[in-house]
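The values are calculated or read from the model by the stated rules, or taken from the named source; none is laboratory data. Only a predicted model underlies this, so the values are computations on that prediction, with no experimental measurement involved. Methodologically, a virtual Cβ is constructed for each residue, glycine included, from the backbone with ideal geometry; neighbour enumeration extends over all protein chains shown. Note: areas computed on protein heavy atoms with side chains; ligands, DNA, RNA excluded. Shrake-Rupley method; radii C 1.70, N 1.55, O 1.52, S 1.80 Å.
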Amino acid sequence: MPDAVHVGSGKVREIYALGDDELLLVASDRISTFDVVLPTEIPDKGRVLTGLSAFWFARTRHIVANHLRTIRADGRSLECRRLEMLPVEFVVRGHLSGSGWLEYLDDGTVCGHALPPGLVESERLPEPILTPATKAAEGHDLNITESEAAALCGEAAYEVARTAALDLYRFAAEHVAARGLVLADTKFEFGLDGTGAVTLGDEALTPDSSRYWPAAEYAAGGPQPSFDKQYVRDWCLSTGWDRTAPGPALPPDVVAGTRARYVDAFERITGIPFDAYLAAPEVVLCD
């Protein structure tokens with residue numbers, strides 16, 4: 001890419017500068033679990049993440065502006081506006097799961113939100129809640145209270161991003177419910193554009209940033225089958241791996257099963273055959 005200058009790498013994405021005000025985000029097929037990038041890639045995983053992000057960006061501009069400019073023909077690269085990112089992740093929870101469930105077991109709260117007594121794992125909350133987290137350069141993110149998040153972001157920017165995150169969650173949860181899925185929780189990242197306007201960035205509502213459950217199998221009271229990386233996590237732990245680098249290589253059946261879950265999530269959410277997306281990625285931008 002002669003027009004691009006490499007400026008950074010994440011666990012999954014490579015980031016390139018396209019001039020002073022634009023970035024190219026390229027999603028690889030890498031997969032990480034417990035903050036360790038595994039040595040085995042999942043074919044087309046990056047294209048699923050890119051296609052789903054673009055799908056949601058194209059359909060949520062009425063809620064909040066986002067950084068997407070266009071999707072490239074490789075299906076794994078997004079040209080985006082450069083933002084000054086807020087130092088907080090905006091996690092919206094509609095169900096009690098993951099670290100939120102563990103915190104609730106400890107003291108009946110999640111990130112400062114007092115919840116009704118007697119809730120069970122995976123139960124739907126009375127209303128979605130915003131549970132911010134710091135963005136750790138290394139290791140796990142740290143859940144914080146909303147007042148702490150507002151202090152980090154600035155009150156005004158935080159309130160705009162908070163409202164947008166909750167509205168995005170409600171919009172997406174309703175969309176996927178009609179397609180047989182439960183959106184248990186999801187994570188958003190926001191930044192400020194050149195005018196100071198709060199803008200949705202990074203990725204949006206992908207299996208890497210969200211918990212999607214099949215509605216037909218949903219039953220509160222325990223863990224749920226999902227379309228995220230839990231399948232890989234469970235296999236890795238079954239090997240006796242101690243969650244430190246290097247991670248174990250994935251066998252072919254786990255690779256194939258993981259790819260199938262990502263592609264299934266793409267097709268259920270978008271209603272677009274994955275092969276049609278591979279042939280013409282811009283199809284996700286059309287209503």
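Stokes-Einstein D for segment 82-219 at 10 °C, 1.306 mPa s, Kirkwood Rh over Cα pairs, in µm²/s?
Once the numbers are plugged in, D ends up at 103 µm²/s.
Using the reciprocal of the averaged 1/r over all distinct C-alpha pairs, how large is the Kirkwood radius of segment 198-271 in Å?
The answer is 14.2 Å.
Using alpha-carbon pairs under 8 Å, 6+ residues apart, how would you state the relative contact order of the chain in percent?
That works out to 22 percent.
Please report, largest first and rounded to whole Å, the three semi-axes of the ellipsoid equivalent to segment 160-242, where each semi-axis is the square root of five times an eigenvalue of the C-alpha gyration tensor.
Semi-axes (√(5λ), whole Å): 29, 19, 9.
Just the ratio, please: alpha-carbon radius of gyration of segment 1-154 over 2.2 N^0.38 Å, N its number of residues.
Compared with the compact-globule rule of thumb, segment 1-154 sits at 1.21.
Using protein chains only and a probe of 1.4 angstrom, how many square angstrom of VAL198 are accessible, to the nearest 10?
The value for VAL198 is about 20 Å².
Please list 3J(HN,Hα) in residue order for segment 11-22, calculated via the Karplus relation 6.51 cos²θ - 1.76 cosθ + 1.60 where θ = phi - 60°; whole Hz, with x for glycine and proline.
Each residue's phi maps through the Karplus curve to give 4, 10, 9, 9, 10, 10, 8, 10, x, 7, 10, 9 Hz.
May I ask you to compute the full-extension gain from VAL120 to VAL5, defined as 0.36 nm times their residue separation minus their alpha-carbon distance, rounded to one decimal in nm?
In short, 36.5 nm is gained.
Could you tell me the convex hull volume per residue, in Å³, taken over the Cα atoms of segment 145-198?
Enclosed volume per residue, from the Cα hull, is 82 Å³.
Over segment 87-136, with a single point scatterer placed on each C-alpha, what log10 of the ratio I(q)/I(0) does the Debye formula yield at q = 0.25, 0.33 1/Å?
Ignoring solvent entirely, the Cα scatterers give -0.93, -1.47.
According to the Kirkwood expression over distinct Cα-Cα pairs, how big is the hydrodynamic radius of segment 230-287, in Å?
Averaging 1/r across every pair of different Cα atoms and inverting gives 13.5 Å.
In terms of modelled amide H atoms, which long-range or inter-chain residues lie less than 5 Å from the amide H of ALA17?
Here the answer is VAL5, HIS6, VAL7, LEU24, since their amide H atoms fall under 5 Å of that of ALA17.
Report the far tail of the P(r) of segment 134-287, meaning the percent of Cα-Cα pairs longer than 24 Å.
Every Cα pair in segment 134-287 considered, those over 24 Å come to 48 percent.
Working only with C-alpha atoms, what are the Rg and Dmax values of segment 24-71, expressed in angstrom?
According to the Cα coordinates of segment 24-71, Rg and Dmax are 13.2, 40 Å.
Once amide H atoms are placed 1.01 Å from N in the peptide plane, what residues at a sequence separation of 5 or more from GLU121, or on another chain, have their amide H within under 5 Å of its amide H?
For GLU121, the qualifying residues are GLY221, GLY222.
From the backbone phi of segment 210-219, what are the Karplus-calculated ³J(HN,Hα) couplings (6.51 cos²θ - 1.76 cosθ + 1.60, θ = phi - 60°) in whole Hz, Gly and Pro given as x?
Once rounded to whole Hz, the list reads 9, 9, 9, 10, x, 4, 5, 9, 5, 8.
By a straight-distance test (C-alpha under 17 Å), which lysines pair with LYS135 as possible cross-link partners, with residues fewer than eight away in the same chain excluded?
Candidates past the 8-residue exclusion: LYS11, LYS187.
Only Lys, Arg, Asp and Glu count, each charged at its Cβ (+1, +1, -1, -1), so figure out the dipole size of segment 57-120 about its Cα centre, rounded to 20 debye.
620
Semi-axes, largest first, in whole Å: what does sqrt of 5 times each Cα gyration tensor eigenvalue give for segment 43-123?
Whole-Å semi-axes of the equivalent ellipsoid: 34, 16, 12.
Report ³J(HN,Hα) in whole Hz for each residue of segment 155-165, in order, from the Karplus equation J = 6.51 cos²θ - 1.76 cosθ + 1.60 where θ = phi - 60°; Gly and Pro get x.
4, 5, 5, 4, 5, 5, 5, 4, 4, 4, 4
How many Å³ per residue does the convex hull of the Cα positions in the chain occupy?
Normalising the Cα hull of the chain by residue number yields 137 Å³.
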